[in-house]
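What follows is a single structure, written as structure tokens, with notes after it.
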């Protein structure tokens, strides 16, 4: 029997600061309001923008990181799954919710209004709390080339075009 796929990828900007709450067991549950905007042309050739708002939930360490580093306006990449929930209020009225449950988050861009807690760089985080490997933020190391590669730029070098085997 084939399994289904429930995967969502969003790149957008936060509409407000993250809201972090904790369960009785101490696990962080962070809610984000994420806006994605698409642009298309109508029949007359005018550009039309459409903004969709998504409610994103992040749990555990991923939620703690989002609550600490994300601010309103920040651009973020979210990867996760879509979940539909139904809730019956005290008045007996059923309410429906659509949430994106994030498995991965990557901070993008310069940080928006609130700036970024990470110096405007990129930071990628996964749901298990581990951080994806990334290069240190120090000055880049001097570029080293292999001696044989230094002269093989096809503009000048130690060989003639006739020496190329293709």
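Every number in this text was worked out from the coordinates using simple rules, so none of it is lab data. Treat the numbers as computed from the prediction; the structure is a model and nothing was measured. Cβ placement follows ideal geometry from the backbone for every residue including glycine, while neighbour counts extend to all protein chains displayed.
Name the residue, out of 66, 35, that is assigned to a strand (DSSP E or B) and within 20 Å of residue 102 (Cα to Cα). Explain how you work it out, then say what you get.
Numbers: 66 fails: assigned to a strand (DSSP E or B).
Matching residue, one of 66, 35: 35.
Assuming residue 40 fulfils every condition listed in (1) touching a residue at least 40 places away in the same chain (Cβ under 8 Å); (2) assigned to a strand (DSSP E or B) apart from one, which condition is it?
Unmet condition: (1).
Among (1) surrounded by 14 or more Cβ atoms within 10 Å (Cβ to Cβ); (2) over 13 Å from the mean Cα position of the chain (by Cα), which single condition is residue 58 missing?
Condition (2) is where residue 58 drops out.
Hey, does region 69-91 have a residue that's surrounded by 12 or more Cβ atoms within 10 Å (Cβ to Cβ), free of Cβ contacts under 8 Å to residues at least 40 places away in the same chain and touching a helix residue (DSSP H, G or I) at 6+ places or on another chain (Cβ under 8 Å)?
Applying the first criterion (surrounded by 12 or more Cβ atoms within 10 Å (Cβ to Cβ)) to region 69-91 yields 69-83.
After this cut, where a residue has to be free of Cβ contacts under 8 Å to residues at least 40 places away in the same chain as well, the list is 83.
Restricting the remaining residues to those that are touching a helix residue (DSSP H, G or I) at 6+ places or on another chain (Cβ under 8 Å) gives none.
No, region 69-91 contains no residue that is surrounded by 12 or more Cβ atoms within 10 Å (Cβ to Cβ), free of Cβ contacts under 8 Å to residues at least 40 places away in the same chain and touching a helix residue (DSSP H, G or I) at 6+ places or on another chain (Cβ under 8 Å).
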